[in-house]
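Structure first, commentary second.
Read-outs throughout are calculated quantities, based only on the coordinates presented, and are distinct from any laboratory measurement. All figures in this text were calculated on a predicted structure; none of them were measured in a lab. As a convention, Cβ positions derive from the backbone with ideal geometry for all residues, glycine included, and neighbour counts pool all protein chains shown.
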Amino acid sequence: MDILRDGEFHSLGVLSHDADKMLVVFYDANYLSQLIANSHISCVITSADLARQLPERLALGVCDDPRSAFYNIHIFLFEKTDFYWKGFDSEISPEARVHERAYVAPRNVRIGSGTIIEPNATIMERAIIGENVVVRAGAVIASDDLEAKYVGGKYIILPHAGGVLLEDGVEISNNAVIMRSVYGGFTVVGKDTKIGALVHVAHNARVGRRCFIAPCTIVCGSARIGNDVWVGPNATISSELSVGNGVKVTLGSVVVKDVPAGLWVSGNFAIEHSRFISLIKSIR
């Protein structure tokens, strides 16, 4: 890789992320405006042709296969350095109750006072769990997700270098899975939020405070859910979307675009609820 302009990065991410001083990969000119608009990006790996379109403020590395270069940097930082995470022995508050049949990784876990970990729950490395949290039987916290990238004629699976943060008062019900983030930072479940059975919260997602996420819901990667949001059973929130404060998502809905604060949406694909009801009535 040729370095055209030197620069400094403190994190890695994709074009939609907002971590501090990010290194990103850029390989599709259709996303140029998104890259330029994201002030969190400081360094870019790209091709020689695309490099000509990027502003002078960005540090640049150029190579024939920018995606492979970016992913290899990520893997190297995860495996060979403490860039993403500085390890520690697990810390469990003496006021927490961890069932003897639960698994808690011996390193890189913190569990706060008053927290309950039920039988057969699994707490993997890089889980930070606050006070008065409940993790029900069979739930998995801080697992790797399936982040597959097709590069060089084959799929590679990226390591998940970040963690999971469960804030105080969170409840994770039976067999729900909360995945670690990919490029450092945390997948977050906010204070007093309740996550139903069999819910999947993917890497880098952020769920706000006092939310209710009903059973069998899927929250896809890097989705952002505000505070006081209600999501019905079997709903899907697609990746990298923003769902505003106070939104209601009806059962079975598939959300594929941002939802403004206070809206009620229904359907597949989800639209404003009253409009959805009108459409149903017109079909009848």
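Averaging the sequence gap over all C-alpha pairs within less than 8 Å and six or more residues apart, then dividing by the number of residues, gives segment 201-284 a relative contact order of 20 percent.
With both labels modelled 7 Å from their Cα along Cα-to-Cβ, the residue 256 to residue 5 distance reads 3.7 nm. Cross-link partners for residue 257 among the lysines, with Cα-Cα distance under 26 Å and sequence neighbours closer than 8 places in the same chain left out: 149, 191, 194, 248, 281. Annotation for segment 99-132: GluC sites (Glu not before Pro) lying in DSSP loop with at most 11 further Cβ atoms inside 10 Å of their Cβ are 100.
Taking other C-beta atoms within 10 angstrom as a stand-in for reagent exposure, 46, 115 fall in the order 115, 46, fewest first. Taking θ as phi - 60° and the Karplus parameters 6.51, -1.76 and 1.60, the scalar couplings of segment 78-87 work out to 5, 7, 10, 9, 9, 3, 8, 7, 9, x Hz in sequence order, x denoting glycine and proline. 3J(HN,Hα) along segment 227-238, derived from phi through the Karplus expression 6.51 cos²θ - 1.76 cosθ + 1.60 where θ = phi - 60°, amounts to 7, 6, 9, 10, 10, x, x, 6, 7, 10, 10, 5 Hz, with x in place of Gly and Pro.
When the alpha-carbon atoms of segment 34-109 are used, the pair Rg, Dmax equals 20.3, 59 angstrom. Magnitude of the charge dipole for the chain, about its Cα centre and with charges confined to Cβ atoms of Lys, Arg (+1) and Asp, Glu (-1), is about 900 debye. As a proxy for reagent exposure, 12, 77 were ordered by neighbouring Cβ count within 10 angstrom, fewest first; the result is 77, 12.
Computed 3J(HN,Hα) for segment 147-154, one whole-Hz value per residue from the Karplus formula 6.51 cos²θ - 1.76 cosθ + 1.60 where θ = phi - 60°, is 9, 9, 10, 8, 9, x, x, 8, glycine and proline marked x. Loop-resident chymotrypsin sites (Phe, Trp or Tyr not before Pro) (DSSP state other than H, G, I, E or B) in segment 1-65 with no more than 15 further Cβ atoms inside 10 Å of their Cβ: 27.
Reported value for segment 138-284: 113 Å³ per residue, from the convex hull of its C-alpha atoms. Calculated [222 nm] ellipticity per residue, helices only, for the chain: -3500 deg cm²/dmol; basis is -39500 (n - 2.57) per DSSP H run with n ≥ 4, divided by all residues, nearest 500. The residues neighbouring residue 65, those whose beta-carbon lies less than 15 Å from its own, together hold a net charge of -1 under the Lys/Arg +1, Asp/Glu -1 convention. Fewest-first ordering of 124, 179 by other beta carbons within 10 Å of each residue's beta carbon gives 124, 179.
Rg of the Cα atoms in the chain, relative to 2.2 N^0.38 Å, amounts to 1.09. For the chain, the relative contact order is 8 percent, taking Cα pairs closer than 8 Å that sit 6 or more residues apart in sequence and dividing their mean separation by the residue count. Of 224, 97, 126, the residue with the greatest mean-square motion in the GNM of the chain, using alpha carbon springs below 10 Å, is 97. Among the chymotrypsin sites (Phe, Trp or Tyr not before Pro) in segment 62-138, those located in a DSSP loop and surrounded by at most 10 other Cβ atoms within 10 Å of their own Cβ are 88.
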